[in-house]
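The values are calculated or read from the model by the stated rules, or taken from the named source; none is laboratory data. Computed from a predicted model, the values in this text were never measured in an experiment. As a convention, Cβ positions derive from the backbone with ideal geometry for all residues, glycine included, and neighbour counts pool all protein chains shown. In case anyone asks, the SASA skips ligands and DNA or RNA and just uses the protein heavy atoms, side chains included. Shrake-Rupley method; radii C 1.70, N 1.55, O 1.52, S 1.80 Å.
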Amino acid sequence: MTVDKIDTSRQFVKVEGRDFEPSEKWRILKNILMIGFAFMIHFTAFMGASNLQSSINADESLGTFTLASIYGSLIFSNIFLPVVLISWLGCKWTISLTFIAYMPFIAAQFYPRFYTMIPAGLAVGLGGGPLWCAKCTYLTVVSEAYASVSDLSADILVTRFFGLFFMFYQMAQVWGNLISSAVLSYGMEVKETENILNSTVVSEICGAQFCGIVEANPNLEAPASERIWMISGIYLGCMIVACLIVAFGVDSMSRYDRGRKGSTSGTTGLKLLAVTLKLLKEKSQLLILPLTVFIGAEQAFLFADYTASFVSCAWGINNIGYVMICFGVTNAIAALATGSIMKLTGRIPVMIFAFFLHMGILIALILWKPSPEQGTIFFVISGLWGICDSIWLVQVNALCGLLFPNKEEAAYSNFRLWEATGSVIAYAYNPYLCTVKKIYILMFILCVGMIGYGVIEKTGQVRRISKDQNKPDFELVASLDK
């Protein structure tokens, strides 16, 4: 496809006789909103179930090992599957169909055993690689399309679109945890005597000093099976709805493609592996890698360690959802605000702010001795963590698209690969280390990651690539959905 004419006076792009007027911007926004809404519905189920795993399936660390299996298979998935599935199905259908891979994980909650949960976790990981790569590629390509019919640069737009998406995505924390907490808390009676008794001992056995399940702590008692089954049934329905939203509500990326072949046209596993790992030769990829690993590790810590070591141990399993709702709300708000703030301050101040805030939270967790009477602090830490996580997700995702133009599949495949590596490492050592040691590990990875990011900014790689990327050579391809 070639562009016949670009009329700047009317601001539309004419592709082989078809005009794309500024109203096309609203169609692009509609597609982004539909994808964001679908991810919100889908991950309402997945996040709600994941946040409970280290507590409701604590026997023999079944829940934690299941989460490790998810991110372990996600490593394989990110290497071999994204490019080939996207080339076969396109981004739209890759997103819709890989949603289905998450459903066995929810179904396994009806009968949680190692031989049901671990295979279900592996299926989630296999679908997760293509799912996230397709989403990231779609957002990056449509941001370039939007830039071609507006006066905004792709650099600003890709950050805004990722921020808009992650606003929806992180709202899944709100709805998923609201569902779980409402079901688990319904009809429960508060036992004041137990709370008084717990408050005298939890400061010694919970928090940073937590080193495993304490049988004598009634806060760690698993809920009734019937309540878990009810939650799982609601979550399965959410995933089905999300799959249908993408199938019937999103345009194919081929409408906005510029005739690009993506990162590769190869079809063999070895070629796909080579394309994904080839970016490791790039200096920018090596420098952004530690920060990507940190994103996976800090999320694993929040979902497995903060929920178990602090919330469940000191306050009760039924309060996990309410605390994580605060995380979801602040994460969503920060994701939406990040793009606007970056326009005023630039990327560097935002990243520095996130670094110092996250380091402050980690130090506070080491010093804090939680107790049932300190409910507000549980919410404050969760909310501040949400702000940091949002900044890392939006900014690092945007950097991947900006640093590697025309290599989006490989770039985002690497992002998910190393994010998953950080998560699987954190989940793997989870049963064997006390919480305080895990916090020190996070602090070290974060410091190394910020050093790498600083080198990227100091050498001006983002500015140089963005300048080349904003050249008016984009083609809108008016092809129909696959």
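Each row is one residue, and each column tells you yes or no for (1) in contact (Cβ under 8 Å) with a residue 40 or more places away in the chain; (2) over 20 Å from ILE35 (Cβ atoms); (3) not aliphatic (A, V, I, L, M).
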position: SER96; (1), (2), (3): yes, no, yes
position: THR116; (1), (2), (3): no, yes, yes
position: GLY121; (1), (2), (3): yes, yes, yes
position: LEU126; (1), (2), (3): yes, yes, no
position: PRO130; (1), (2), (3): yes, no, yes
position: LYS135; (1), (2), (3): yes, no, yes
position: LEU139; (1), (2), (3): yes, no, no
position: THR159; (1), (2), (3): yes, no, yes
position: PHE162; (1), (2), (3): yes, no, yes
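Restricting attention to the range 127-137, does a residue exist that is surrounded by fewer than 24 Cβ atoms within 10 Å (Cβ to Cβ) and either of a type in the set (A, V, I, L, M, F, W, C) or farther than 17 Å from SER413 by Cβ (or both)? Scanning the range 127-137 turns up no residue that is surrounded by fewer than 24 Cβ atoms within 10 Å (Cβ to Cβ) and either of a type in the set (A, V, I, L, M, F, W, C) or farther than 17 Å from SER413 by Cβ (or both).
Does at least one position in the range 355-376 carry a residue that is under 22 Å from PHE168 (Cβ atoms) and assigned to a helix (DSSP H, G or I)? Checked against the condition, which is being under 22 Å from PHE168 (Cβ atoms) and assigned to a helix (DSSP H, G or I), the range 355-376 yields no hits at all. Being modelled with pLDDT of 85 or more and within 21 Å of the chain's Cα centre (by Cα) is a description that applies to LEU287.
Where residues in the range 59-79 are at pLDDT below 80 and out of contact with any Ser or Thr (no Cβ under 8 Å at 6 or more places or on another chain), which of them is least open to solvent (accessible area, probe 1.4 Å)?
If we take residues in the range 59-79 being at pLDDT below 80 and out of contact with any Ser or Thr (no Cβ under 8 Å at 6 or more places or on another chain), then ASP59 is least open to solvent (accessible area, probe 1.4 Å).
Only one of the numbered conditions (1) modelled with pLDDT of 85 or more; (2) out of contact with any Phe, Trp or Tyr (no Cβ under 7 Å at 6 or more places or on another chain) is not met by GLY121, and that is (2).
Every listed requirement among (1) in contact with a helix residue (DSSP H, G or I) (Cβ under 8 Å, 6 or more places away or on another chain); (2) in a helix (DSSP H, G or I); (3) over 23 Å from SER312 (Cβ atoms) is met by PRO405 save one, (2).
Of PHE99, PHE37, all but one fail to be modelled with pLDDT of 80 or more, touching a His at 6+ places or on another chain (Cβ under 8 Å) and either under 30 Å from SER309 (Cα atoms) or among the hydrophobic types (A, V, I, L, M, F, W, C) (or both); the exception is PHE99.
For the range 147-179, filtering for residues that are outside any helix (DSSP H, G or I) and open to solvent by less than 10 Å² (accessible area, probe 1.4 Å) leaves 1.
Which pairs have Cβ atoms under 9 Å, sit 6 or more apart or on different chains, and link a residue in the range 235-249 that is more than 16 Å from ALA101 (Cβ to Cβ) and in a helix (DSSP H, G or I) to one that is open to solvent by 30 Å² or more (accessible area, probe 1.4 Å) and aromatic (Phe, Trp, Tyr)? Partner pairs satisfying both residue conditions: ILE245/PHE37; GLY249/PHE37.
Looking at this structure, is TYR186 touching a Cys at 6+ places or on another chain (Cβ under 8 Å) and either at pLDDT 85 or above or open to solvent by 10 Å² or more (accessible area, probe 1.4 Å) (or both)? When the stated conditions are applied, TYR186 does not pass them.
For the criterion of being under 28 Å from TYR322 (Cβ atoms), charged (D, E, K, R) and within 22 Å of the chain's Cα centre (by Cα), GLU419 passes. Summed over the range 218-247, residues that are small (Gly, Ala, Ser) and either at pLDDT 85 or above or open to solvent by less than 20 Å² (accessible area, probe 1.4 Å) (or both) total 5.
When GLU298 is tested against (1) part of a helix (DSSP H, G or I); (2) open to solvent by 10 Å² or more (accessible area, probe 1.4 Å), only condition (2) is not met.
Taken together, ALA354, ALA332 contain a single residue that is modelled with pLDDT under 85, surrounded by fewer than 24 Cβ atoms within 10 Å (Cβ to Cβ), in contact with a helix residue (DSSP H, G or I) (Cβ under 6 Å, 6 or more places away or on another chain) and of a type in the set (A, V, I, L, M), which is ALA332.
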